[in-house]
Amino acid sequence: MKLQRLDWCKGAQNLIPLIATGRLRSEFTEPFIYGTYLEAWWRCLKLSKEFTQSCRTGIFTSKAAYETFRIFGPLEDLNFKDWWITKGHEYFSGSITTLQVTLFVKKKEADLFSVSVNAFQDVSSQLAGQEFGFWLDQISLLNANDGLLSEAPLAWPIFKSRISYEVISQLLGILEIYERIIRNAPNTKLWQIGEQLRLNPKAMPKHSDFPKETEEKHRRMGQTVSSYLIKGKGLVDNAYKGAFPKYSN
């Protein structure tokens, strides 16, 4: 089951005339992209050294990696807003529609799924029919394989994974901080980073701890940081390979 973000529809009614006449522009659609899986996907690619190198050389390790480049383009010198304005909206704004998919459920008993949508009063039946067909296609793609956004990129406005956006954002934030610290202070220990970020409250040392207790807490905090980094790097590596969101191979 995948349920869209409940705040997605805010302000969407103002876009109806633009959608109906095919006049969506980046400045109108930009407010809808933040806090979504599309932003998390972009951040993964931005963090991927392999993706950056491939964009520079034009050499990609797989067809899926090249397809990711084709729809995102090079990201090295762009922030998220500038990417949307110069490149992202050309492809991804096509899935900003007047119909709001509120729920779709895959049936366990049969090869079927049900879809619930909301439509504003002034949406024509012709436009609603076209958009419903679009969402059926996207949902079919999601249900056909592993349910990854990379299998149906235009489903980003309604996509929800077992790996939540909030978890992905946290992991990428930790990875960004780790790489920045290690670049400037390569001898920094993982537990030191974990303590700065308070990633494991139970492993935070106290003044009353004995040396062995402190050592054990350092070990546990280091393990916590390592676990977060493994998952974050897995997301980044798989995003380059054309699989998002996915932790491991």
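The values are calculated or read from the model by the stated rules, or taken from the named source; none is laboratory data. Here the structure is a predicted model, which means the values were calculated and not measured. So basically every Cβ, Gly included, is an ideal-geometry build from the backbone, and we count neighbours across all protein chains shown.
For segment 108-157, filtered to residues that are surrounded by 13 or more Cβ atoms within 10 Å (Cβ to Cβ) and part of a loop (DSSP other than H, G, I, E, B), the residue that is nearest to the chain's Cα centre (by Cα) is 156.
Look at residue 197 and say whether it is touching a residue at least 12 places away in the same chain (Cβ under 8 Å), within 30 Å of residue 149 (Cβ to Cβ), within 26 Å of the chain's Cα centre (by Cα) and surrounded by fewer than 19 Cβ atoms within 10 Å (Cβ to Cβ).
Numbers: touching a residue at least 12 places away in the same chain (Cβ under 8 Å): yes; within 30 Å of residue 149 (Cβ to Cβ): yes; within 26 Å of the chain's Cα centre (by Cα): yes; surrounded by fewer than 19 Cβ atoms within 10 Å (Cβ to Cβ): yes.
When the stated conditions are applied, residue 197 passes them.
For residue 15, are the conditions met, namely being outside any loop (DSSP other than H, G, I, E, B), at pLDDT 75 or above, within 19 Å of residue 131 (Cβ to Cβ) and not β-branched (Val, Ile, Thr)? Spelling it out, residue 15 is indeed outside any loop (DSSP other than H, G, I, E, B), at pLDDT 75 or above, within 19 Å of residue 131 (Cβ to Cβ) and not β-branched (Val, Ile, Thr). Of the residues making up segment 18-50, those that are at pLDDT below 90 and acidic (Asp, Glu) are 27, 30. The set of residues in segment 158-169 being assigned to a helix (DSSP H, G or I) and in contact (Cβ under 8 Å) with a residue 40 or more places away in the chain consists of 165, 168, 169.
Scanning segment 10-33 for residues that are under 16 Å from residue 95 (Cβ atoms) and in contact (Cβ under 8 Å) with a residue 24 or more places away in the chain yields 12, 15, 16, 19, 20, 24, 25, 26, 29, 30, 32, 33.
Residue pairs whose Cβ atoms lie under 9 Å apart, separated by 6 or more positions or on different chains, with the first residue in segment 113-127 and without any contact (Cβ under 8 Å) to a residue 60 or more places away in the chain and the second part of a loop (DSSP other than H, G, I, E, B), are 113/107; 114/107; 117/99; 119/98; 119/99. Those helices (runs of 4 or more DSSP H) of segment 59-106 in which at least 3 residues are surrounded by 14 or more Cβ atoms within 10 Å (Cβ to Cβ) and either of a type in the set (S, T, N, Q) or on the phi < 0 side of the Ramachandran plot (or both), considering only elements entirely within it, cover 63-72, 89-92.
Picking from 217, 212, which residue would you name as being over 30 Å from residue 89 (Cα atoms), touching a residue at least 12 places away in the same chain (Cβ under 8 Å) and assigned to a helix (DSSP H, G or I)? Even if it seems obvious, please write down each step before you answer.
Numbers: 212 fails: touching a residue at least 12 places away in the same chain (Cβ under 8 Å).
Checking each option against the conditions leaves just 217.
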